[in-house]
Amino acid sequence: MNFTAKDVAELRARTNAGMMDCKKALTECDGDFEKATIWLREKGIAAAAKKQGRIASEGVVSSYIHMGGKIGVLVELNCETDFVAKTELFQEIARNIGMQIAAANPKYVRVEEVPTAELEKEKEILRVQAANEGKPAAIIEKMVEGRVKKFYQDVCLMEQTFVKDGNMTITQYINEMTLKIGEKISIRRFVRYEMGEGLEKRQDDLAEEVAKQIKG
């Protein structure tokens, strides 16, 4: 083996995976720590996916208020049992999701929620942009497809990079927390209020301000 018991313990601390899973991951990846971390995450995604067919009708409506009261978020986070909903970890997850919404300002939870009309309008804009760049017609659609992914990352919560960990998306975060808690976790809906939204006022990048305070 190209790893030690200390490596196994360190991998377990980083990923929250079981000791035997960490040992297997390092064995499968020839002791490569980073590859083992990815291996465990991929396994976690598959395991979490098995829980997605379950019914998650319990949970909480959590609030997150940006310092100074400039941005407020309400988010409904669901789980399977009232017991889990009351745990400190589940409450922390809900708060983290609220913080994400405040900082990244998504419009929808999932890709499937984006209205067809809005998506088609965005694709048309992207086609025009690609054409204006002088790109050949043969590759414009491929370019549009790639840029649509970036569009989803901007407007869909589950596709966004987690503001507290730039190495994972919100989908990956929810999958990891699902495994840690042992129940299906689902973000059902949210609302985001920005102080003075719609009123004529000085334009501040509040989302960027939130992100800076999170990182700071």
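What to note about this one:
- Restricting the first member to region 109-126 and to residues that are farther than 28 Å from Ser186 by Cβ, and the second to residues that are assigned to a helix (DSSP H, G or I), the beta-carbon pairs closer than 6 Å and six or more apart or on different chains are Lys123/Val144; Leu126/Val144; Leu126/Arg147.
- Ala131 vs. criteria touching a residue at least 60 places away in the same chain (Cβ under 8 Å) and either over 19 Å from Asn175 (Cβ atoms) or among the acidic types (Asp, Glu) (or both): no
- Filter result for the condition that a residue is β-branched (Val, Ile, Thr), modelled with pLDDT under 95, farther than 20 Å from Gln172 by Cα and touching a strand residue (DSSP E or B) at 6+ places or on another chain (Cβ under 9 Å), over Thr81, Thr116, Thr4: Thr81
- Candidate set: region 139-162, residues that are in a helix (DSSP H, G or I), of a type outside the set (Asp, Glu) and in contact with a Phe, Trp or Tyr (Cβ under 8 Å, 6 or more places away or on another chain); chosen: the one surrounded by the most Cβ atoms within 10 Å (Cβ to Cβ): Leu157
- Residue count for region 99-113, restricted to those that are in contact with a strand residue (DSSP E or B) (Cβ under 6 Å, 6 or more places away or on another chain) and among the small types (Gly, Ala, Ser): 1
- Residue selected from region 80-116 under the condition farther than 26 Å from Glu194 by Cα and not β-branched (Val, Ile, Thr), by the criterion surrounded by the fewest Cβ atoms within 10 Å (Cβ to Cβ): Glu88
- Verdict on Glu92 being out of contact with any Gly (no Cβ under 6 Å at 6 or more places or on another chain), among the acidic types (Asp, Glu), part of a helix (DSSP H, G or I) and under 24 Å from Ser63 (Cβ atoms): yes
- All positions within region 66-78 that are more than 23 Å from Met177 (Cα to Cα) and in a strand (DSSP E or B): Ile71, Gly72
The values are calculated or read from the model by the stated rules, or taken from the named source; none is laboratory data. None of the values given here were measured: they were computed from a predicted structure. Don't worry about glycine lacking a Cβ; one is built from the backbone with ideal geometry, like all the others, and counts go over all protein chains shown.
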